[in-house]
Amino acid sequence: MSLYKFSLVVGGLSIVLAACATATPEPTARPEATAVPAATQEEDAQEFIPSVTVGDQKASEGAVTIDEVIASQPGWLVIHATRNGGPGPVIGFSPVVVGSNPDLAVDIDLSQATGQLFAMLHVDAGQAGEYEFPGDDAPVFDQGGNVVLTPFTLLDSQAPVGGEEVEVEVVDSTYRLQVVTVPVGTIVTWVYNGGLPHTVTSDTNLFNSGTMREGDSFTFTFDEAGTFPYFCTFHGSAGGNGMSGVINVTEG
């Protein structure tokens, strides 16, 4: 091969190699993951630990206010009346979103309210936006296996003074406001509003209404300070079992 031909071959090969080198794309650099500060991770974890914060209060226009509900998933804040010392019938509920739900107002059925209520967190696990309990919308449990709830007291709508009259509504299976605190000299009247027979019977036989039916009422004046538990002979018993209540009488 002549020197001229060899130069042409080498030159052509150089051009081809240069073209191949130009056609090969550079590798794409992988994006680096952005690290989340440890403090932010801890704050997020804290934010979504389910909890319920509520204080004793009066029912304002048929509603109670929950100071704060923290939920880790969409759900419901449910108000339960007391039955046999624990959560009983549902008397109100309101939806909650993930995160903090401050100053949550919950409408309740005052005719079923008891002196102690339970604010309980439930999930929204069934049809979204529809409260289903009993059913899919079960209570939320914490890491210790305990239901996320907080008990609180429904206070009297107005603090009485000695000599005034206070009404306690008698409804089926409970006394409206189970725990009432009044000063000495207060007149307490139980007003019947239900379909079943009931009584207002003192644990110590201090007073006894007998069987109450539609339109009946029973009145007793508390002239001495002390704690006066009572019950319904049909649906409860002495010692705070079943349908029962307490009148706390103070010196004033």
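The values are calculated or read from the model by the stated rules, or taken from the named source; none is laboratory data. Since we're looking at a predicted model, the values are computed, not measured. Don't worry about glycine lacking a Cβ; one is built from the backbone with ideal geometry, like all the others, and counts go over all protein chains shown.
Give me the pairs, please: first residue somewhere in the range 179-196 and assigned by TED's automatic domain parsing to the domain that holds residue 215, second residue anywhere and in a loop (DSSP other than H, G, I, E, B) and hydrophobic (A, V, I, L, M, F, W, C), beta-carbon distance under 6 Å, and either six or more positions apart or on two chains.
184/225; 190/200
For the range 235-252, enumerate the residues that are surrounded by 14 or more Cβ atoms within 10 Å (Cβ to Cβ) and assigned to a loop (DSSP other than H, G, I, E, B).
Correct list: 238, 240.
Give the residue that is surrounded by the most Cβ atoms within 10 Å (Cβ to Cβ), with candidates limited to residues of the range 82-119 that are among the polar types (S, T, N, Q) and over 18 Å from residue 148 (Cβ atoms). So that I can check it myself, show each step before the final result.
Kept after step one, since they are among the polar types (S, T, N, Q), are these residues of the range 82-119: 82, 84, 94, 100-101, 111-112, 114, 116.
From what is left, the residues that are over 18 Å from residue 148 (Cβ atoms) are 84, 111-112, 114.
Values: 84: 12, 111: 14, 112: 18, 114: 24.
Restricting to residues being among the polar types (S, T, N, Q) and over 18 Å from residue 148 (Cβ atoms), the top hit is 114.
Are any of the residues in the range 195-210 within 29 Å of residue 63 (Cβ to Cβ) and under 25 Å from the mean Cα position of the chain (by Cα)?
No, the range 195-210 contains no residue that is within 29 Å of residue 63 (Cβ to Cβ) and under 25 Å from the mean Cα position of the chain (by Cα).
When you go through 128, 71 one by one, which is the residue that is surrounded by 17 or more Cβ atoms within 10 Å (Cβ to Cβ) and out of contact with any His (no Cβ under 6 Å at 6 or more places or on another chain)? I'd like the intermediate steps shown before the answer.
On the way: 128 fails: surrounded by 17 or more Cβ atoms within 10 Å (Cβ to Cβ).
When all the criteria are applied, what remains is 71.
Count, please, the residues in the range 163-216 that happen to be closer than 15 Å to residue 110 by Cα, in a loop (DSSP other than H, G, I, E, B) and either of a type in the set (Asp, Glu) or in contact with a Pro (Cβ under 9 Å, 6 or more places away or on another chain) (or both).
2
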